[in-house]
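Reading through the C-alpha coordinates given below for one structure.
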Amino acid sequence: MKTLVTGGGGFLGRYIVEQLLAQQAQVRILARGHYPDLVQQGVECIQGSILDPRTVDRACHDIDTVFHCAAKVGVWGPFKDFYETNVIGTQNILHSCQAFHIRRFIYSSSSSVTYEGKDQIMADETLPYPKTFLSPYSQTKAHAEQLVLSANGKNNVLTCALRPHLIWGPRDTYIIPRLLTQAQKRKLRIIGDGKNLTDITYVENAARAHLLAAEALKSGSPVPGNTYFITQGKPVVLWEWVNELLKLFDLPIVTKHLSANMAYALGVGFEKMYALLHLHTDPPLTRLIAKQLSTTHTYSIQKAKDHFGYDPIISTAEGMQRLLIYDSKERQST
Ligand SMILES: NC(=O)c1ccc[n+]([C@@H]2O[C@H](COP(=O)([O-])OP(=O)(O)OC[C@H]3O[C@@H](n4cnc5c(N)ncnc54)[C@H](OP(=O)(O)O)[C@@H]3O)[C@@H](O)[C@H]2O)c1
(Lines give C-alpha, C1' and ligand atoms only; values in the text may rest on other atoms or scores of the structure.)
Protein backbone atom coordinates (compact mmCIF):
# COMPACT_ATOMS: atom_id res chain seq x y z
CA MET A 1 0.00 0.00 0.00
CA LYS A 2 1.41 3.43 -0.97
CA THR A 3 0.03 5.92 1.50
CA LEU A 4 0.05 9.65 2.06
CA VAL A 5 -0.63 11.02 5.54
CA THR A 6 -1.16 14.77 5.51
CA GLY A 7 -0.14 16.27 8.84
CA GLY A 8 1.79 13.03 9.43
CA GLY A 9 4.13 14.70 11.91
CA GLY A 10 1.27 15.80 14.18
CA PHE A 11 -0.30 14.11 17.18
CA LEU A 12 -2.81 11.78 15.50
CA GLY A 13 -1.01 11.72 12.13
CA ARG A 14 2.18 10.33 13.63
CA TYR A 15 0.32 7.36 15.17
CA ILE A 16 -1.28 6.65 11.80
CA VAL A 17 2.19 6.77 10.23
CA GLU A 18 3.62 4.39 12.84
CA GLN A 19 0.76 1.90 12.47
CA LEU A 20 1.14 1.98 8.67
CA LEU A 21 4.89 1.37 8.98
CA ALA A 22 4.14 -1.56 11.28
CA GLN A 23 2.04 -3.00 8.44
CA GLN A 24 4.99 -2.57 6.03
CA ALA A 25 3.14 0.11 4.05
CA GLN A 26 5.06 2.73 2.10
CA VAL A 27 4.45 6.02 3.87
CA ARG A 28 4.79 9.60 2.64
CA ILE A 29 3.78 12.59 4.70
CA LEU A 30 2.94 16.15 3.70
CA ALA A 31 3.52 18.79 6.37
CA ARG A 32 5.06 22.23 6.69
CA GLY A 33 7.49 21.08 9.37
CA HIS A 34 10.63 18.97 9.06
CA TYR A 35 10.47 15.54 10.73
CA PRO A 36 13.96 13.95 10.55
CA ASP A 37 13.03 11.15 12.98
CA LEU A 38 10.31 10.04 10.56
CA VAL A 39 12.77 10.18 7.65
CA GLN A 40 15.02 7.89 9.70
CA GLN A 41 12.16 5.42 9.99
CA GLY A 42 11.83 5.29 6.21
CA VAL A 43 9.05 7.85 5.77
CA GLU A 44 9.23 10.08 2.72
CA CYS A 45 8.60 13.63 3.90
CA ILE A 46 7.28 16.28 1.55
CA GLN A 47 7.71 19.61 3.21
CA GLY A 48 5.08 22.13 2.18
CA SER A 49 1.56 23.32 2.67
CA ILE A 50 -1.73 21.74 1.67
CA LEU A 51 -2.57 25.24 0.48
CA ASP A 52 -0.10 24.93 -2.38
CA PRO A 53 -1.71 22.84 -5.17
CA ARG A 54 1.65 22.01 -6.80
CA THR A 55 3.04 20.63 -3.55
CA VAL A 56 -0.17 18.71 -3.02
CA ASP A 57 0.12 17.22 -6.53
CA ARG A 58 3.69 16.18 -5.76
CA ALA A 59 2.56 14.56 -2.52
CA CYS A 60 -0.37 12.72 -4.13
CA HIS A 61 1.55 11.43 -7.14
CA ASP A 62 1.80 7.63 -7.22
CA ILE A 63 -0.23 7.09 -4.02
CA ASP A 64 -3.19 4.76 -3.56
CA THR A 65 -4.52 5.79 -0.13
CA VAL A 66 -4.67 9.25 1.45
CA PHE A 67 -5.20 9.83 5.18
CA HIS A 68 -6.07 13.52 5.36
CA CYS A 69 -5.18 14.51 8.89
CA ALA A 70 -3.68 17.98 8.43
CA ALA A 71 -5.84 20.71 9.85
CA LYS A 72 -5.80 23.95 11.72
CA VAL A 73 -6.98 22.81 15.14
CA GLY A 74 -7.78 24.94 18.14
CA VAL A 75 -10.42 26.89 19.93
CA TRP A 76 -9.54 30.37 18.74
CA GLY A 77 -8.22 32.26 15.74
CA PRO A 78 -9.42 34.16 12.69
CA PHE A 79 -12.12 32.34 10.71
CA LYS A 80 -10.08 32.93 7.53
CA ASP A 81 -7.15 30.88 8.87
CA PHE A 82 -9.38 27.93 9.75
CA TYR A 83 -11.21 28.22 6.42
CA GLU A 84 -8.04 28.25 4.36
CA THR A 85 -6.41 25.22 5.96
CA ASN A 86 -9.48 23.15 6.67
CA VAL A 87 -11.67 23.90 3.63
CA ILE A 88 -9.35 25.08 0.83
CA GLY A 89 -6.63 22.65 1.96
CA THR A 90 -9.06 19.73 1.88
CA GLN A 91 -10.35 20.85 -1.53
CA ASN A 92 -6.78 20.88 -2.87
CA ILE A 93 -6.14 17.33 -1.67
CA LEU A 94 -9.45 16.11 -3.11
CA HIS A 95 -8.63 17.69 -6.51
CA SER A 96 -5.24 15.98 -6.62
CA CYS A 97 -6.78 12.67 -5.55
CA GLN A 98 -9.23 12.95 -8.44
CA ALA A 99 -6.51 13.98 -10.89
CA PHE A 100 -4.31 11.02 -9.90
CA HIS A 101 -7.22 8.54 -9.56
CA ILE A 102 -6.30 7.77 -5.96
CA ARG A 103 -8.51 4.96 -4.77
CA ARG A 104 -9.10 5.83 -1.11
CA PHE A 105 -9.43 9.02 0.88
CA ILE A 106 -9.94 8.85 4.66
CA TYR A 107 -10.71 12.17 6.29
CA SER A 108 -9.93 12.87 9.97
CA SER A 109 -13.07 14.79 10.81
CA SER A 110 -14.31 15.56 14.31
CA SER A 111 -17.36 14.93 16.43
CA SER A 112 -17.52 18.72 16.84
CA VAL A 113 -19.02 18.96 13.33
CA THR A 114 -22.35 18.03 14.95
CA TYR A 115 -22.01 20.07 18.13
CA GLU A 116 -24.08 23.16 18.87
CA GLY A 117 -23.64 23.33 22.61
CA LYS A 118 -26.46 21.09 23.80
CA ASP A 119 -26.32 17.67 25.46
CA GLN A 120 -25.72 14.87 22.95
CA ILE A 121 -26.55 11.48 24.41
CA MET A 122 -25.41 8.41 22.47
CA ALA A 123 -25.73 10.47 19.30
CA ASP A 124 -25.34 8.56 16.07
CA GLU A 125 -24.45 9.58 12.55
CA THR A 126 -28.06 10.46 11.65
CA LEU A 127 -27.57 13.65 13.67
CA PRO A 128 -27.74 16.65 11.27
CA TYR A 129 -25.12 19.36 11.10
CA PRO A 130 -26.09 22.22 13.41
CA LYS A 131 -27.46 25.51 12.04
CA THR A 132 -24.91 27.49 14.01
CA PHE A 133 -21.45 26.53 15.18
CA LEU A 134 -19.63 27.65 18.31
CA SER A 135 -16.19 27.86 16.72
CA PRO A 136 -14.55 28.37 13.33
CA TYR A 137 -12.80 25.02 13.85
CA SER A 138 -16.02 23.00 14.00
CA GLN A 139 -17.67 25.02 11.25
CA THR A 140 -14.77 24.59 8.82
CA LYS A 141 -14.30 20.90 9.72
CA ALA A 142 -18.03 20.37 8.95
CA HIS A 143 -17.68 22.22 5.64
CA ALA A 144 -14.67 20.12 4.69
CA GLU A 145 -16.43 16.91 5.75
CA GLN A 146 -19.29 17.70 3.38
CA LEU A 147 -16.81 18.28 0.53
CA VAL A 148 -15.20 14.94 1.29
CA LEU A 149 -18.50 13.06 1.34
CA SER A 150 -19.81 14.67 -1.82
CA ALA A 151 -16.55 13.77 -3.60
CA ASN A 152 -17.17 10.08 -2.95
CA GLY A 153 -17.19 8.12 -6.21
CA LYS A 154 -15.96 10.99 -8.40
CA ASN A 155 -13.13 9.82 -10.67
CA ASN A 156 -13.34 6.51 -8.78
CA VAL A 157 -12.05 8.04 -5.54
CA LEU A 158 -13.81 6.48 -2.53
CA THR A 159 -14.07 8.67 0.56
CA CYS A 160 -15.18 8.42 4.17
CA ALA A 161 -14.91 10.58 7.30
CA LEU A 162 -14.04 9.54 10.84
CA ARG A 163 -15.22 11.71 13.72
CA PRO A 164 -13.14 11.00 16.81
CA HIS A 165 -14.11 12.74 20.02
CA LEU A 166 -11.46 14.24 22.31
CA ILE A 167 -8.29 12.40 21.35
CA TRP A 168 -5.75 12.06 24.13
CA GLY A 169 -2.59 10.11 24.86
CA PRO A 170 1.19 10.35 24.80
CA ARG A 171 2.65 13.17 22.66
CA ASP A 172 -0.49 15.26 22.80
CA THR A 173 0.68 18.85 22.68
CA TYR A 174 -2.65 20.46 23.30
CA ILE A 175 -5.43 19.06 25.51
CA ILE A 176 -3.53 17.17 28.23
CA PRO A 177 -0.60 19.61 28.63
CA ARG A 178 -3.06 22.51 28.80
CA LEU A 179 -5.10 20.71 31.44
CA LEU A 180 -2.05 19.85 33.54
CA THR A 181 -0.67 23.40 33.34
CA GLN A 182 -3.98 24.91 34.39
CA ALA A 183 -4.20 22.44 37.29
CA GLN A 184 -0.66 23.27 38.36
CA LYS A 185 -1.58 26.96 38.45
CA ARG A 186 -4.77 26.00 40.34
CA LYS A 187 -6.78 27.77 37.66
CA LEU A 188 -9.05 24.85 36.77
CA ARG A 189 -12.73 25.01 37.69
CA ILE A 190 -15.43 22.37 37.34
CA ILE A 191 -17.88 23.97 34.92
CA GLY A 192 -21.47 23.25 35.94
CA ASP A 193 -22.43 20.48 38.36
CA GLY A 194 -19.57 18.20 37.33
CA LYS A 195 -21.85 15.28 36.51
CA ASN A 196 -21.70 15.53 32.72
CA LEU A 197 -20.55 12.52 30.76
CA THR A 198 -18.20 12.64 27.83
CA ASP A 199 -16.70 10.24 25.37
CA ILE A 200 -12.95 10.27 24.89
CA THR A 201 -10.66 8.52 22.41
CA TYR A 202 -7.24 7.11 23.19
CA VAL A 203 -4.98 8.18 20.31
CA GLU A 204 -3.80 4.71 19.23
CA ASN A 205 -7.44 3.60 18.96
CA ALA A 206 -8.24 6.68 16.86
CA ALA A 207 -5.32 5.89 14.54
CA ARG A 208 -6.32 2.22 14.27
CA ALA A 209 -9.83 3.25 13.29
CA HIS A 210 -8.31 5.09 10.31
CA LEU A 211 -6.45 1.97 9.13
CA LEU A 212 -9.50 -0.24 9.58
CA ALA A 213 -11.69 2.21 7.68
CA ALA A 214 -9.12 2.31 4.86
CA GLU A 215 -9.15 -1.48 4.57
CA ALA A 216 -12.93 -1.53 4.32
CA LEU A 217 -13.17 1.45 1.96
CA LYS A 218 -13.96 -0.39 -1.26
CA SER A 219 -16.85 -0.64 -3.66
CA GLY A 220 -19.58 -2.92 -2.44
CA SER A 221 -18.86 -2.12 1.21
CA PRO A 222 -21.05 0.34 3.15
CA VAL A 223 -18.05 2.56 4.04
CA PRO A 224 -17.73 4.84 0.97
CA GLY A 225 -19.52 8.16 1.46
CA ASN A 226 -20.11 7.53 5.17
CA THR A 227 -19.23 9.21 8.47
CA TYR A 228 -18.32 7.42 11.71
CA PHE A 229 -18.08 8.52 15.33
CA ILE A 230 -14.97 7.10 17.00
CA THR A 231 -14.56 6.90 20.79
CA GLN A 232 -13.47 4.53 23.56
CA GLY A 233 -17.04 3.21 23.58
CA LYS A 234 -17.16 3.81 27.33
CA PRO A 235 -18.09 7.34 28.35
CA VAL A 236 -16.56 8.83 31.49
CA VAL A 237 -17.85 11.42 33.92
CA LEU A 238 -15.69 14.24 32.52
CA TRP A 239 -14.62 15.84 35.79
CA GLU A 240 -14.04 12.51 37.54
CA TRP A 241 -11.76 11.52 34.66
CA VAL A 242 -9.94 14.86 34.83
CA ASN A 243 -9.37 14.35 38.54
CA GLU A 244 -8.15 10.80 37.97
CA LEU A 245 -5.61 12.19 35.52
CA LEU A 246 -4.54 14.89 37.95
CA LYS A 247 -4.08 12.33 40.73
CA LEU A 248 -2.02 10.18 38.39
CA PHE A 249 0.24 13.17 37.73
CA ASP A 250 0.40 14.10 41.43
CA LEU A 251 -1.40 17.36 40.81
CA PRO A 252 -4.07 18.99 42.97
CA ILE A 253 -7.53 17.79 42.02
CA VAL A 254 -10.12 20.32 40.96
CA THR A 255 -12.94 20.93 43.43
CA LYS A 256 -14.06 24.51 42.85
CA HIS A 257 -17.06 25.07 40.59
CA LEU A 258 -18.04 27.78 38.12
CA SER A 259 -21.67 27.79 36.97
CA ALA A 260 -22.27 26.79 33.34
CA ASN A 261 -24.05 30.11 32.66
CA MET A 262 -21.24 32.15 34.15
CA ALA A 263 -18.63 30.18 32.16
CA TYR A 264 -20.61 30.77 28.95
CA ALA A 265 -20.94 34.50 29.70
CA LEU A 266 -17.20 34.69 30.33
CA GLY A 267 -16.61 32.82 27.06
CA VAL A 268 -18.70 35.40 25.18
CA GLY A 269 -16.82 38.21 26.90
CA PHE A 270 -13.36 36.80 26.20
CA GLU A 271 -14.22 36.14 22.56
CA LYS A 272 -15.40 39.75 22.10
CA MET A 273 -12.32 41.14 23.82
CA TYR A 274 -9.88 38.92 21.89
CA ALA A 275 -11.60 39.74 18.58
CA LEU A 276 -11.53 43.47 19.32
CA LEU A 277 -7.86 43.42 20.27
CA HIS A 278 -6.95 40.95 17.47
CA LEU A 279 -5.37 38.61 20.02
CA HIS A 280 -4.34 35.27 18.55
CA THR A 281 -3.45 33.40 21.72
CA ASP A 282 -6.13 31.15 23.23
CA PRO A 283 -8.56 32.93 25.56
CA PRO A 284 -8.92 31.33 29.02
CA LEU A 285 -12.52 30.45 28.07
CA THR A 286 -14.57 30.45 24.88
CA ARG A 287 -18.25 29.62 24.31
CA LEU A 288 -17.23 26.23 22.92
CA ILE A 289 -15.00 25.34 25.87
CA ALA A 290 -17.68 26.46 28.35
CA LYS A 291 -20.30 24.28 26.65
CA GLN A 292 -18.04 21.29 26.06
CA LEU A 293 -16.95 21.22 29.69
CA SER A 294 -20.46 21.44 31.10
CA THR A 295 -22.64 19.36 28.77
CA THR A 296 -22.91 15.63 28.15
CA HIS A 297 -21.64 14.48 24.79
CA THR A 298 -21.54 10.80 24.07
CA TYR A 299 -21.63 9.04 20.72
CA SER A 300 -22.52 5.58 19.46
CA ILE A 301 -19.67 3.72 17.76
CA GLN A 302 -21.97 0.93 16.58
CA LYS A 303 -21.75 1.96 12.93
CA ALA A 304 -17.93 1.89 12.96
CA LYS A 305 -18.07 -1.53 14.65
CA ASP A 306 -20.57 -2.88 12.11
CA HIS A 307 -19.02 -1.38 8.98
CA PHE A 308 -15.31 -1.92 9.58
CA GLY A 309 -14.87 -3.82 12.81
CA TYR A 310 -13.67 -0.88 14.92
CA ASP A 311 -12.92 -2.03 18.43
CA PRO A 312 -11.20 0.28 20.93
CA ILE A 313 -8.66 -2.34 22.01
CA ILE A 314 -6.66 -0.07 24.31
CA SER A 315 -8.77 0.65 27.38
CA THR A 316 -8.89 4.04 29.03
CA ALA A 317 -7.02 2.67 32.09
CA GLU A 318 -4.27 1.23 29.88
CA GLY A 319 -4.11 4.49 27.89
CA MET A 320 -3.66 6.47 31.09
CA GLN A 321 -0.80 4.22 32.16
CA ARG A 322 0.86 4.66 28.75
CA LEU A 323 0.45 8.42 29.12
CA LEU A 324 2.05 8.38 32.54
CA ILE A 325 4.98 6.22 31.41
CA TYR A 326 5.55 8.52 28.44
CA ASP A 327 5.43 11.59 30.65
CA SER A 328 7.97 10.23 33.14
CA LYS A 329 10.34 9.24 30.31
CA GLU A 330 10.01 12.74 28.88
CA ARG A 331 10.78 14.31 32.26
CA GLN A 332 13.87 12.09 32.65
CA SER A 333 15.19 13.06 29.22
CA THR A 334 14.88 16.82 29.85
N1 LIG B 1 -6.95 16.12 18.91
C2 LIG B 1 -8.25 15.89 18.96
O3 LIG B 1 -8.86 15.81 20.04
C4 LIG B 1 -9.04 15.69 17.68
C5 LIG B 1 -10.37 15.28 17.78
C6 LIG B 1 -11.10 15.07 16.62
C7 LIG B 1 -10.51 15.25 15.39
N8 LIG B 1 -9.23 15.65 15.30
C9 LIG B 1 -8.65 15.82 13.94
O10 LIG B 1 -7.48 15.03 13.85
C11 LIG B 1 -6.56 15.65 12.96
C12 LIG B 1 -5.21 15.76 13.62
O13 LIG B 1 -5.33 16.60 14.78
P14 LIG B 1 -4.20 16.64 15.90
O15 LIG B 1 -4.88 16.78 17.19
O16 LIG B 1 -3.26 15.51 15.66
O17 LIG B 1 -3.53 18.05 15.57
P18 LIG B 1 -2.03 18.42 15.20
O19 LIG B 1 -1.07 17.70 16.07
O20 LIG B 1 -2.00 19.91 15.17
O21 LIG B 1 -1.88 17.84 13.73
C22 LIG B 1 -2.27 18.56 12.59
C23 LIG B 1 -1.09 18.62 11.66
O24 LIG B 1 -1.49 19.30 10.47
C25 LIG B 1 -0.34 19.89 9.90
N26 LIG B 1 -0.77 21.06 9.15
C27 LIG B 1 -1.45 22.13 9.59
N28 LIG B 1 -1.61 23.02 8.62
C29 LIG B 1 -1.00 22.50 7.52
C30 LIG B 1 -0.81 22.95 6.19
N31 LIG B 1 -1.27 24.12 5.78
N32 LIG B 1 -0.14 22.15 5.33
C33 LIG B 1 0.34 20.95 5.74
N34 LIG B 1 0.17 20.46 6.99
C35 LIG B 1 -0.46 21.24 7.86
C36 LIG B 1 0.56 20.30 11.08
O37 LIG B 1 1.91 19.98 10.79
P38 LIG B 1 2.96 21.12 10.34
O39 LIG B 1 2.88 22.19 11.39
O40 LIG B 1 4.28 20.43 10.29
O41 LIG B 1 2.49 21.60 9.01
C42 LIG B 1 0.07 19.44 12.24
O43 LIG B 1 1.07 18.59 12.74
C44 LIG B 1 -7.17 17.00 12.58
O45 LIG B 1 -7.76 16.87 11.31
C46 LIG B 1 -8.20 17.25 13.65
O47 LIG B 1 -9.26 18.04 13.15
C48 LIG B 1 -8.47 15.88 16.42
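If I go through segment 163-183 residue by residue, how many of them are more than 12 Å from the ligand (Cβ to nearest atom) and either touching a His at 6+ places or on another chain (Cβ under 8 Å) or at pLDDT 95 or above (or both)?
Selection size over segment 163-183: 1.
List pairs: first residue in segment 5-26 and over 15 Å from PHE105 (Cβ atoms) and modelled with pLDDT under 95, second residue among the hydroxyl-bearing types (Ser, Thr, Tyr) and within 11 Å of the ligand (Cβ to nearest atom) anywhere in the structure, Cβ distance under 8 angstrom, at least six positions apart or on different chains.
none
Yes/no per residue for (1) surrounded by fewer than 20 Cβ atoms within 10 Å (Cβ to Cβ); (2) within 17 Å of GLY192 (Cβ to Cβ); (3) in contact with a His (Cβ under 9 Å, 6 or more places away or on another chain); (4) not aromatic (Phe, Trp, Tyr):
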position: SER259; (1), (2), (3), (4): yes, yes, no, yes
position: ALA263; (1), (2), (3), (4): no, yes, no, yes
position: ILE314; (1), (2), (3), (4): yes, no, no, yes
position: ALA317; (1), (2), (3), (4): yes, no, no, yes
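All but one of (1) touching a helix residue (DSSP H, G or I) at 6+ places or on another chain (Cβ under 9 Å); (2) within 28 Å of ALA216 (Cβ to Cβ); (3) within 14 Å of the ligand (Cβ to nearest atom); (4) not polar (S, T, N, Q) hold for HIS95; state the number of the condition that does not hold.
Checking HIS95 against (1) touching a helix residue (DSSP H, G or I) at 6+ places or on another chain (Cβ under 9 Å); (2) within 28 Å of ALA216 (Cβ to Cβ); (3) within 14 Å of the ligand (Cβ to nearest atom); (4) not polar (S, T, N, Q), the one that fails is (3).
I'd like to check which helices (runs of 4 or more DSSP H) are fully inside segment 168-270 and have at least 1 residues that are more than 29 Å from SER108 (Cβ to Cβ) and free of Cβ contacts under 8 Å to residues at least 24 places away in the same chain.
Where helices (runs of 4 or more DSSP H) fall fully within segment 168-270 and carry at least 1 residues being more than 29 Å from SER108 (Cβ to Cβ) and free of Cβ contacts under 8 Å to residues at least 24 places away in the same chain, they are 238-248.
Mind checking which pairs have a first residue in segment 97-112 that is under 14 Å from SER150 (Cβ atoms) and a second that is assigned to a helix (DSSP H, G or I) and within 8 Å of the ligand (Cβ to nearest atom), Cβ under 8 Å, 6 or more apart or different chains?
From segment 97-112, the pairs are SER109/LYS141.
Identify all residues within segment 27-54 that are more than 9 Å from the ligand (Cβ to nearest atom), free of Cβ contacts under 8 Å to residues at least 24 places away in the same chain and over 22 Å from MET1 (Cα atoms); write none if there are none.
The answer is PRO36, ARG54.
Which residues, taken from segment 100-121, are among the aliphatic types (A, V, I, L, M) and surrounded by 15 or more Cβ atoms within 10 Å (Cβ to Cβ)? Before you say what the answer is, go through the steps one by one.
Within segment 100-121, the first condition is being among the aliphatic types (A, V, I, L, M), and the residues that meet it are 102, 106, 113, 121.
Once the filter is applied, which keeps residues that are among the aliphatic types (A, V, I, L, M) and surrounded by 15 or more Cβ atoms within 10 Å (Cβ to Cβ), segment 100-121 yields ILE102, ILE106, VAL113.
Rundown of residues vs (1) surrounded by fewer than 22 Cβ atoms within 10 Å (Cβ to Cβ); (2) in contact with an Asp or Glu (Cβ under 7 Å, 6 or more places away or on another chain); (3) over 24 Å from THR296 (Cα atoms), yes/no style:
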residue	(1), (2), (3)
GLY169	no, yes, no
LYS185	yes, no, yes
TYR202	no, no, no
HIS210	no, no, yes
GLU215	yes, no, yes
LYS218	yes, no, yes
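If I ask for residues that are charged (D, E, K, R) and either within 18 Å of the chain's Cα centre (by Cα) or within 10 Å of the ligand (Cβ to nearest atom) (or both), which ones from segment 55-92 would you list?
Once the filter is applied, which keeps residues that are charged (D, E, K, R) and either within 18 Å of the chain's Cα centre (by Cα) or within 10 Å of the ligand (Cβ to nearest atom) (or both), segment 55-92 yields LYS72, ASP81, GLU84.
Can you name the residue in segment 271-282 that is surrounded by fewer than 19 Cβ atoms within 10 Å (Cβ to Cβ) and either in contact (Cβ under 8 Å) with a residue 12 or more places away in the chain or part of a helix (DSSP H, G or I) (or both) and, of all such residues, is nearest to the chain's Cα centre (by Cα)?
Checked segment 271-282; the qualifying residue nearest to the chain's Cα centre (by Cα) is ASP282.
The values are calculated or read from the model by the stated rules, or taken from the named source; none is laboratory data. What you see is a predicted model, and the numbers here were worked out from it, not measured in a lab. Here the Cβ is made from the backbone with ideal geometry for all residues, glycine too, and neighbour counts use every protein chain on show.
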